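The structure appears below as structure tokens.
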Amino acid sequence: MNWNCALFKPKQYRPAHARTAIRRRLIAAILVSLGIATPLHADIAADASRLLEMWSPASVAFESGTLTVVLPQDRITEQIYLSVIKFGLCLGPLQGVDLQAIENIEIVNRHARQGYVYESGLADCVKFNDRAANDRTTDIEILGNTHWFS
């Protein structure tokens, strides 16, 4: 008897991150085909997620002009918030990523109970990128267009 046939081979498993990526693509394709989401929305969320890799966001979603970033921290501090805006999302224009459809940015904790909302979108990023990284004027302008998440 030949034991090398396909029936007796052990099942090949994909790593967990590969299965998750496949699931996300499948869900996005289903939502697009049902008309619930557009490819543009999926692209914006995916591009923003790629820009925010170093913060390991739990989720990134884009809906009705609002980008919602859920970070794995219990508390979002002002420093975390400013770094996500300045050194994460505002690097998009420098890398050729178009995020101009974003009107508001919500950066919230893992429970989506606490965080900040930036109300200016990313139109000011070009101006912020022209300044030095330690320029306090950028922080003041960002915080001037910010309110608490509620």
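Just so you know, all these numbers are worked out from the coordinates, no wet-lab data involved. As the structure is a computational prediction, the values presented were derived from the model and not from experiment. All Cβ positions, even for glycine, are placed from backbone atoms using ideal geometry, and neighbour counts span all protein chains on display.
You can think of it this way: the chain between residue 64 and residue 135 has 22.4 nm of extra reach, that is 0.36 nm per residue less the Cα-Cα gap.
Each residue, residue 114 and residue 127, gets one label point 7 Å from its Cα in the Cβ direction; the gap between the two is 3.1 nm.
Report the per residue volume, in Å³, of the convex hull enclosing the C-alpha atoms of the range 38-148. Could the numbers behind the result be given before it?
Values: hull volume 10.1 nm³, N = 111.
Spelled out: Cα convex hull of the range 38-148, divided by residues, is 91 Å³.
Charge dipole (Cα centre; +1 on Lys/Arg Cβ, -1 on Asp/Glu Cβ; no other charges) of the range 38-148 amounts to roughly 300 debye.
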